[in-house]
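Input: a single structure, listed below in structure tokens.
The values are calculated or read from the model by the stated rules, or taken from the named source; none is laboratory data. As the structure is a prediction and not an experimental result, all values here were calculated from the model. Using ideal geometry, Cβ is built from the backbone for each residue, glycine included, and neighbour counts are taken over all protein chains shown.
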Amino acid sequence: MDKIRIRGGRSLRGKIPISGAKNAALPLMAASLLSDETLVLRNLPHLADIATMTHLLAQHGVEVSMAGEHPGGGHMGHVLKLRAGAISSTEAPYDIVRKMRASVLVLGPLLARCGQARVSLPGGCAIGTRPVDMHIRGLEALGAEIELDDGYIIAKAPHGLQGGVVVFPRISVGATENLLMAACLAKGEVVLENAAREPEVGDLANCLNRMGARIEGIGGDTLRIQGVDRLGAADYAVLPDRIEAATYAIAAAITGGEVELIGAQPETMEAVLAALSQANVNVQRTECGIRIGGTDAGERNGGVIGIDVTTAPYPGFPTDLQAQMMALMAVADGAAMITETIFENRFQHVPELMRMGADIAVKGATAMVRGSGGPGGSGLHGAPVMATDLRASVSLVLAGLASAGETMINRVYHLDRGYERLEEKLSACGADIVRLTE
């Protein structure tokens, strides 16, 4: 099993190209099931989750072919052609779905196009239960008949899905995406209220409109979809990954370096950039993206200062950046309070950060972090640690970059689900980081 070794203490300096967003790419790939024509997706990241979704779509009968790299260069991502000319299977088996919860996103498209679907329940998750009840209730509101049998969601709509109003009891990105795709082929108007506003949801809606859907209200919490008889072909580029960009922004801050994030879209990262500015990190928009750190740091008295952060649905501070921000706060000057409101079990990185010298106390959904950046602070030190989930994994990488000595991170397969060429991108900016294969 692969490990990552980091010898910390080096400031990052350089440019990091931002890959396409995994959380946008997965539902876009699932949307290929809605049409019998070709969907070309550009700027796809090369990640384990993308490979899993490709495998799942192939067993549904989707023809998937690599169309080369983006003409702007390899760092701009892969290009895939997906054509679901005929759906050969409406079952998403457990052996595939268990590897990635986003596999449940095929439920809505299969049901809308074929009138039936049999999709395995995703099962548990390291960061929380993330139930699919809202997916099921929403589809039922559009006329689907759904039952659970032997760990599978059995959904039927022999006469097609009907128009209706779906009010989500709480914000759910996955449920919004599933219902959005299903609604495109419904008969009549579908209204989704209290819909997720994440940029990845907007990216999906824009692509669906490119395919011939009729979606209004993109970017807001109420989406109106006028059902159409069929969707067609489209050529679409996945938006840059705001979570990856923010992670590397924190990497620059935690090492006291200066990094330009090429391709990052600051308009999708406003809550994160505001938090970094509040923490005394220099943030500048550039023609190519965002610059973090740099010469203005001296005018800000140099060091990062502790701030309070509470996760919230978009446009709030992302739960997917909570672990990374905690690593930054561990080396800040002063105390910080980090509150997690999205998932009930997303502090699994805390014991590992504490092994590296972080001073963190957890009470319920709040973590109090006493930073080591003040006068007399000892800072973090390298240690053998173990990753527990995707974002926890990268928080340990960030801590390792800022630590004295050597950090060995185990179970790094989590990283491969969400960060493309992480070691290469960090090494290019001066980090001493290598992957070790046993």
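Data for the structure
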item: Residue within the stretch 132-150 that is farther than 30 Å from A392 by Cα, in contact with a helix residue (DSSP H, G or I) (Cβ under 9 Å, 6 or more places away or on another chain) and part of a strand (DSSP E or B) present; result: yes
item: Boolean, Y419 is surrounded by fewer than 22 Cβ atoms within 10 Å (Cβ to Cβ), within 21 Å of the chain's Cα centre (by Cα) and either among the aromatic types (F, W, Y) or in the same structural domain as D49 (by TED's automatic domain parsing) (or both); result: no
item: Residue within the stretch 240-250 that is modelled with pLDDT of 95 or more, of a type in the set (K, R) and crowded, with 24+ Cβ neighbours inside 10 Å present; result: yes
item: Matching option when the condition is more than 21 Å from the chain's Cα centre (by Cα) and outside the structural domain of T310 (by TED's automatic domain parsing), among G212, G219; result: G212
item: Residue that is modelled with pLDDT under 95 and either not assigned by TED's automatic domain parsing to the domain that holds K15 or not β-branched (V, I, T) (or both), where the choices are A279, A297; result: A297
item: Residue match in the stretch 140-156 (condition: at pLDDT 95 or above, surrounded by fewer than 20 Cβ atoms within 10 Å (Cβ to Cβ), among the small types (G, A, S) and in the same structural domain as S35 (by TED's automatic domain parsing)); result: yes
item: Subset of the stretch 321-349 [surrounded by fewer than 23 Cβ atoms within 10 Å (Cβ to Cβ) and at pLDDT 95 or above]; result: D333, G334, A335, M337, T339
item: Test: residue in the stretch 7-17 that is buried (at least 17 other Cβ atoms within 10 Å of the Cβ), within 23 Å of the chain's Cα centre (by Cα), modelled with pLDDT of 95 or more and under 22 Å from D203 (Cβ atoms); result: yes
item: Residue within the stretch 22-32 that is farther than 30 Å from E423 by Cα and under 22 Å from the mean Cα position of the chain (by Cα) present; result: yes
item: Lone unmet requirement of (1) buried (at least 19 other Cβ atoms within 10 Å of the Cβ); (2) assigned to a helix (DSSP H, G or I) for I292; result: (2)
item: Some residue of the stretch 396-405 being in contact with a helix residue (DSSP H, G or I) (Cβ under 8 Å, 6 or more places away or on another chain), closer than 21 Å to A253 by Cβ and at pLDDT below 95; result: no
item: Residue in the stretch 52-75 that is among the β-branched types (V, I, T), surrounded by 14 or more Cβ atoms within 10 Å (Cβ to Cβ) and at pLDDT below 95 present; result: yes
item: Wholly enclosed strands (runs of 3 or more DSSP E) of the stretch 1-109 bearing at least 2 residues in contact (Cβ under 8 Å) with a residue 60 or more places away in the chain; result: 3-7, 13-17, 38-44
item: Failed item, numbered, when A383 is tested on (1) farther than 19 Å from Q322 by Cβ; (2) of a type in the set (A, V, I, L, M, F, W, C); (3) exposed (fewer than 15 other Cβ atoms within 10 Å of the Cβ); (4) free of Cβ contacts under 8 Å to residues at least 60 places away in the same chain; result: (3)
item: Residue check for T38: hydroxyl-bearing (S, T, Y) and within 20 Å of the chain's Cα centre (by Cα); result: no
item: Criterion: more than 27 Å from I171 (Cα to Cα) and of a type in the set (S, T, N, Q) - qualifying residue of Q226, Q265, Q284; result: Q284
item: Residue satisfying all of: in the stretch 146-161; under 29 Å from the mean Cα position of the chain (by Cα) and not aliphatic (A, V, I, L, M); nearest to I136 (Cα to Cα) among these; result: Y152
